[in-house]
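Before any comments, here is the structure.
Every read-out reported here was derived from the displayed coordinates using simple, explicitly stated rules and does not represent laboratory data. Remember, predicted model here, so these are calculated numbers, not experimental data. Here the Cβ positions follow ideal geometry from the backbone for every residue, glycine too, while neighbour counts run over all protein chains shown.
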Amino acid sequence: MDFPALRLRRLRATEALRALVQETRLAPAQLIQPFFIYPGKGMAKPIRSMPGQFQLSVDQALNEIDAAAKAGVRWIMLFGIPARKDPLGSEAYADTGIVQTAVRRIKDRFPEIGIIGDVCLCEFTDHGHCGVVENGAVRNDPTLELLGRTAAALAAAGADIVAPSAMMDGQVGAIRRALDAAGHPDTPILSYAAKFASAFYGPFREAAESAPSFGDRRAYQMPPPNAREAMREIELDIREGADLIMVKPALAYLDIIRAARERFDAPLLAYNVSGEYALVKAAAKEGWIDEGRIVREILTAIRRAGADAIITYFAKEYAAEAAAW
Ligand code: PBG
């Protein structure tokens, strides 16, 4: 059959037909909303480069999480800005650390909300790097023990999943061993397996106050031009015990998401990062784009590329509208 008997426009004629043949869907249950937790009380400080996002004290975060949950969001990811930073990022793995405290309070109030704890040191170190610094370089192996302790502290506080993002070699294996030794054999690891050294993290570093004080992260995060290397990173992490894998950022890396989907059967997440959010918000503010449609198109594309779930600052916004779609 060929034109004129075959006409693909037939199935595009009405909303009902289009919905019937829609190949890709994204449910609110597949979204994860990040939050930035700040010390103190009664604080909701807008993040300049991320309109609509705030640095929140825990009491304020509870209100925001309530609103997100009411919109249909079931999972959140937590980042913390400690009151004091030091060279070894000790608040990352302290029992009383900002994120551990937040996890306990959130679980207490919303036991049904899933919490993912980011396992990294950059928000907690005074130099802003993701690991232990010696002679101006980030050292891999001494960092592993601290990441293991951070993961165990998050699990002890009640985090449902821990997500290492430091890009140290061997971190997933080290964290698995640390979790098991601390009595958390059932806590899954979501590995930021293919995390690129990206300019799209710019706004996050303002939000988390985690910009490196010298140099950059290119000696540990991946080079953006390398796709095969991303597959090697993912494969290694799965061998070390990653339960879920992630590609980050998402939009400039849809090919990586697709390749990972075809090659690996582990659940695959993508992180629609701060810079991707900022671009949309800035253009929407100017009235240059239709924000709702853009957000829907972007998130659907990440899903179509192969992501099972998406970490995105648009989670609440999307979930609130999803019923209407
Ligand atoms: C911590 C971390 C970063 C992001 C998530 N975890 C920052 C970085 O690596 O510089 C970025 C998230 C975003 O940009 O939204 N290492």
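The figures follow:
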{"read-out": "Most mobile listed residue (GLU206, GLU15, GLU262) in the chain, GNM with C-alpha springs under 10 Å", "value": "GLU15"}
{"read-out": "Where trypsin sites (Lys or Arg not before Pro) in DSSP loops with at most 14 other Cβ within 10 Å are excluded, longest remaining stretch of the chain", "value": "85-217"}
{"read-out": "Selection of chymotrypsin sites (Phe, Trp or Tyr not before Pro), the range 238-294, meeting DSSP coil and at most 11 other Cβ within 10 Å", "value": "TRP288"}
{"read-out": "Estimated distance in nm for a label pair at ASN63 and THR14, the labels positioned 7 Å out from Cα along Cα-to-Cβ", "value": "4.6"}
{"read-out": "Of GLU233, GLU286, GLU297, the one that fluctuates the most in a GNM where the chain has Cα springs shorter than 10 Å", "value": "GLU286"}
{"read-out": "Length added when fully stretched, ARG7-ARG48, from 0.36 nm per residue minus Cα-Cα", "value": "9.8 nm"}
{"read-out": "Among ASP308, ASP290, ASP95: highest mean-square fluctuation, GNM of the chain, C-alpha pairs under 10 Å", "value": "ASP290"}
{"read-out": "Anchor LYS85: lysines whose Cα lies under 21 Å away (excluding residues fewer than 8 positions away in-chain)", "value": "LYS41, LYS45"}
{"read-out": "For the range 192-325, average projected area of the Cα convex hull in nm²", "value": "9.3"}
{"read-out": "Relative contact order [Cα under 8 Å, 6+ residues apart], the chain, whole percent", "value": "18"}
{"read-out": "Space enclosed by the convex hull of the alpha-carbon atoms of the chain, per residue, Å³", "value": "151"}
{"read-out": "Cα pair distances in the range 30-103, grouped into 10 Å bins until the bin that holds the longest one, percent each", "value": "19, 48, 28, 4"}
